[in-house]
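What follows is calculated from the coordinates using simple rules that are stated; it is not laboratory data. As the structure is a prediction and not an experimental result, all values here were calculated from the model. A quick note on method: Cβ atoms are made from the backbone with ideal geometry, for glycine too, and the neighbour counts reach across all protein chains shown.
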Amino acid sequence: MAGDIKSIDELRKAQAAAQAQGTTITNYNQWEQILEDLETAGIESTGNYEGDVQLHKQIMDRLEAFIEETQQAEKEQQQRPNNDETSKVDNKTSQDKENVIKANVANGTSSMILADYMKYYHLM
């Protein structure tokens, strides 16, 4: 395997040179993908396959942790409005119950007043 390869272009040149001699670079396809990922992330290669594999693994672990944190934060954010909605519904339900009680009291009172009025009206 070639040593001190820091870019995809260098890796491709080394692979071409190896193929010209009838051999190939071990793990060429994996290393090429790792170098592409590192380049996309703006991270410099270590120059060798083993180092790049370790570096890539560390970056992927950090990325997975970041994604999990982001997803957890999104879940918590989604749950908050649901809790707010639930509290609004509970609040509205309690207001509705109060209004029903007030309406029943008002209806009962007005019915009693009307009944008393009719009683007195007939007595006249």
Quickly run through segment 22-72 and pick out the residues that are closer than 19 Å to Ile5 by Cα, part of a loop (DSSP other than H, G, I, E, B) and more than 27 Å from the chain's Cα centre (by Cα). Thr23, Thr24, Ile25, Thr26, Asn27, Glu44, Ser45, Thr46, Gly47, Asn48
If I go through segment 5-21 residue by residue, how many of them are within 38 Å of the chain's Cα centre (by Cα) and either surrounded by fewer than 13 Cβ atoms within 10 Å (Cβ to Cβ) or of a type in the set (Ser, Thr, Tyr) (or both)? 2
